[in-house]
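Read through the structure below, which is laid out as structure tokens, and then see the notes.
Coordinate-derived values only; no laboratory data. Since the model is a prediction, treat every value here as computed from it, not as a measurement. Backbone-built Cβ (ideal geometry, glycine too); neighbour counts: all protein chains shown.
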Amino acid sequence: MSLALCALSHTPVMGVHQPADEVVARVEAALDDARAFVADVDPDLVVVFAPDHYNGFLYDLMPSFCIGAQATAIGDYGTSAGPLPVDRAAARSLASAVLDAGVDVAFSERMTVDHGCAQPLDLLFGGIDTVPVVPVFINCVAEPLGPVSRVRLLGEAVGRAAAALDRRVLLLGSGGLSHDPPVPRLTEAPPEVVERLISGRNPTPEERAARQDRVFDAALAYAAGTSDLMPLNPEWDRRFLEVLGGGDLAQLDSWSNESFVQEAGHSSHEVRTWIAVHAALGAMGPYEVRSTFYEAIPEWIAGFGVTTAETRGR
Ligand SMILES: O=C(O)/C=C/C(=O)/C=C/C=C(\O)C(=O)O
Ligand SMILES: [Fe+2]
């Protein structure tokens, strides 16, 4: 049995509008480090904690958390499409254990995932179908959200259950850090967008392309300094990473949801996936960060981080 962790930001803009070559090279080097770490861990199961961006989870029924026993990726923003090789027995076992621990996780036999789940698998494994996975959805965009303490408890419960599987498990977190890309919000959107957030599954290719183009255009404006989207907050990002590295995750319980938005943008809630993976790893004892990378990358509207960690003394 072993647990290891990799957490990384995702961005729809990667490969579309690139930052300077030296920035891309630094990101690639960090991803190379992460890939080497993952190759060394040689996981036979990846538990991937990911948000969704109104592709699989909409306001017709929005759970806080959901474990998928079967899942399909839609292939947005150039990420891989198709069925994920979900380990159904492991998914059921994790879901049962998490429920037993008192965390009311939803369970799906038809989960749809988007780039939030597929991009880190593509980046680390070269595809979404190379290693058995269990996808764990964490709602990071659709307000209202529960407190981050619940995310920590979810992570701890998954970590304990994953350790009991007697497998080499990689805990993979996807999202964040500070960023405020143009993801619509129920309370502010015009009626036609509200309807899409409630029941807009399976848009036409044209509708999807228009949505994606809006994000790409927003990234261009953001990089050019002509956007009114909120600035990245590297200072906040570094403070957050420091807390995670230190292992005392309960400190984050006092960070209110409003403070995330005010200091680091609406989509900084995606760091819930980082909290979950660190809590999961920490559930089995103290851990050590093996590598960490951070850079604010306006071209990608992303405080971009990559962290690997494993149980101390492994
Ligand atoms: O316009 C929409 O409905 C959707 C927009 C997105 O999916 C934007 C995604 C942005 C990220 O995933 C990010 O974390 O920056
Ligand atoms: Fe995202």
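Each stretch of four or more DSSP H residues adds -39500 (n - 2.57); spread over every residue of the chain, this sum gives -12500 deg cm²/dmol at 222 nm.
Summarising the amide proton neighbourhood of residue 127: residues at separation of 5 or more, or on other chains, whose placed amide H is nearer than 5 Å comprise 122.
Taking all Cα pairs closer than 8 Å and separated by 6 or more residues, the relative contact order of the stretch 59-174 comes to 35 percent. By the Stokes-Einstein formula, at 0.890 mPa s and 25 °C, the stretch 83-179 with its Kirkwood radius over alpha-carbon pairs has D equal to 169 µm²/s. For residue 242 and residue 149, a Förster radius of 25 Å and the Cβ-Cβ distance give a FRET efficiency of 0.85, rounded to the nearest 0.05. Label separation (residue 198 vs residue 258): 2.8 nm, computed from points 7 Å beyond Cα along the C-beta direction.
Restriction of the trypsin sites (Lys or Arg not before Pro) in the stretch 32-121 to DSSP coil positions whose beta-carbon has at most 10 other beta-carbons within 10 angstrom yields 110. Rounded to the nearest whole Hz, the Karplus-based 3J(HN,Hα) values (6.51 cos²θ - 1.76 cosθ + 1.60, θ = phi - 60°) of the stretch 101-113 follow the sequence 7, x, 9, 7, 7, 7, 9, 10, 9, 8, 7, 10, 10, with x at glycine and proline. For residue 111, the amide hydrogen comes within under 5 Å of the amide hydrogens of 69, 70, 71, 72, counting only partners 5 or more places away or on other chains and with H modelled in the peptide plane.
For residue 227, the amide hydrogen comes within under 5 Å of no other amide hydrogen, counting only partners 5 or more places away or on other chains and with H modelled in the peptide plane.
Entry note, the stretch 2-311: relative contact order of 31 percent, from Cα contacts under 8 Å with a spacing of 6+ residues. At what distance in angstrom do the alpha carbon centres of the stretch 229-279 and the stretch 180-211 lie from each other? Cα centres, the stretch 229-279 to the stretch 180-211: 26 Å. The distance linking the stretch 105-137 with the stretch 11-41 is 19 Å (Cα centroid to Cα centroid, whole angstrom). Averaging 1/r over each pair of different alpha-carbon atoms in the stretch 2-311 and inverting the result gives 19.1 Å, the Kirkwood hydrodynamic radius. Annotation: the antiparallel percentage among DSSP beta bridges lying fully within the chain is about 45. Name the most mobile residue of 146, 68, 245, meaning the one with the largest mean-square fluctuation, in a Gaussian network model of the chain with Cα contacts below 10 Å. Most flexible of the set in this elastic network: 146.
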